[in-house]
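The values are calculated or read from the model by the stated rules, or taken from the named source; none is laboratory data. Everything numeric in this text was worked out from a predicted model, so none of it was measured. Glycine also receives a Cβ, built like all others from the backbone with ideal geometry; neighbour counts cover every protein chain displayed. Ligands, DNA and RNA are excluded from the accessible area calculation, which covers all protein heavy atoms including side chains. Shrake-Rupley method; radii C 1.70, N 1.55, O 1.52, S 1.80 Å.
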Amino acid sequence: MKNFPLFLLFLAITCTISTANVPNPLQDFCVADFSSSAPRVNGYACLDPKLVKAEHFSVSGLHLDCSTSNSLGTCVHRITVAELPGLNTLGLSNVRVNYAQNGVVPPHIHPRATEILTVLKGCLRVGFVTGNPENRLITKVLGEGDVFVFPQGLAHFQQNVANGNTTVLAFLSAANPGVITVANAVFGSNPPIRDDILEKAFQTDASTINAFKSQF
């Protein structure tokens, strides 16, 4: 009986750890059934296992470069549950990003995933900002073969600092990690955030806020 409180403490810790991650699957797989009208809880409804094929677990084309002819100079090729139904409920997805010279993936947040990134070619400046009140910038320049982790829910960015193109491959700890681009969310919301709120938030005037809004 002397060890009973210690046992309860151990049980509380292990229960906390077990519920902090994606729930353990209750079947071999749950291929997403996009046509189902069943309510979504933590993923799509499961396709009838008798209808599942190898194609539900495979997708092609991640080796191909995509166009970086845009204002950011980047192209993101995502493989989430939307592109690969077999990822449903498995807590995993990946992306390949192409960067033109000076290309940028602007500050953004993945609300449901940690991201681990590997530089396949080129040179990349990466960073994330810690939470309030510290707001400390953690940043590093990566070369080929270097790996960097962006913690879940923290704003982070990437910038190509190579003389040519850069390519990376990243994995995220969610089948549908979500993306919130900070500038788009603040200045491009629908309906828009009131100007007087943004004026106080950014300590500036209405004309500056409207100039930012016009870009989004």
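A straight Cα-to-Cα reach below 19 Å connects residue 213 with the lysines 200, residues fewer than 8 places away in its own chain not being considered. Projecting label points 7 angstrom from Cα along Cα→Cβ for residue 62 and residue 207 puts them 5.0 nm apart.
Solvent-accessible area of the range 52-122 (1.4 angstrom probe, protein heavy atoms only): carbon and sulfur portion equals 58 percent. If you take all C-alpha pairs in the range 106-147, what percent of them are over 14 Å apart? Result for the distance tail: 57 percent.
Roughly how many whole Å is it from the C-alpha centroid of the range 34-100 to that of the range 104-161? The two parts, judged by their Cα centres, are 22 Å apart. The alpha carbons of the range 66-174 stretch over 40, 38, 27 Å along the principal axes, in descending order. Residues whose amide H falls under 5 Å from that of residue 31, counting only those 5 or more places apart or on a different chain, are 47, with hydrogens built in the peptide plane. Here's how it looks for residue 162: its modeled amide H is under 5 Å from those of 102, 123, which are all 5 or more places away or on a different chain.
Labels on offer are (i) 59, 42, 30; (ii) 73, 42, 35; (iii) 64, 50, 40, and the one holding Cα extents along the principal axes in Å computed from this structure is (iii).
Once the 1.4 Å probe is applied to the protein heavy atoms, the range 32-113 comes out at 58 Å² accessible per residue. Only helices enter this figure: runs of n ≥ 4 DSSP H residues, each worth -39500 (n - 2.57), summed and divided by the residues of the chain, yield -5000 deg cm²/dmol at 222 nm to the nearest 500. Not counting the cut sites, what is the longest span of the chain without GluC sites (Glu not before Pro) that DSSP labels loop and that have at most 15 other Cβ atoms within 10 Å? After excluding every exposed loop site, the longest remaining stretch is 1-82.
The peptide list 150-156, 58-64, put in order of mean Cβ contacts within 10 Å with the highest first, becomes 150-156, 58-64. Label point of residue 149 set 7 angstrom out along Cα-Cβ; within the range 160-183, amide nitrogens under 17 Å from it belong to 170-174. What do you get for trypsin sites (Lys or Arg not before Pro) in the range 38-87 restricted to DSSP loop and a cutoff of at most 13 other Cβ within 10 Å of the site's Cβ? Hits after loop and neighbour filter: 40, 53. The 1.4 Å probe gives accessible areas that order 109, 180, largest first, as 180, 109.
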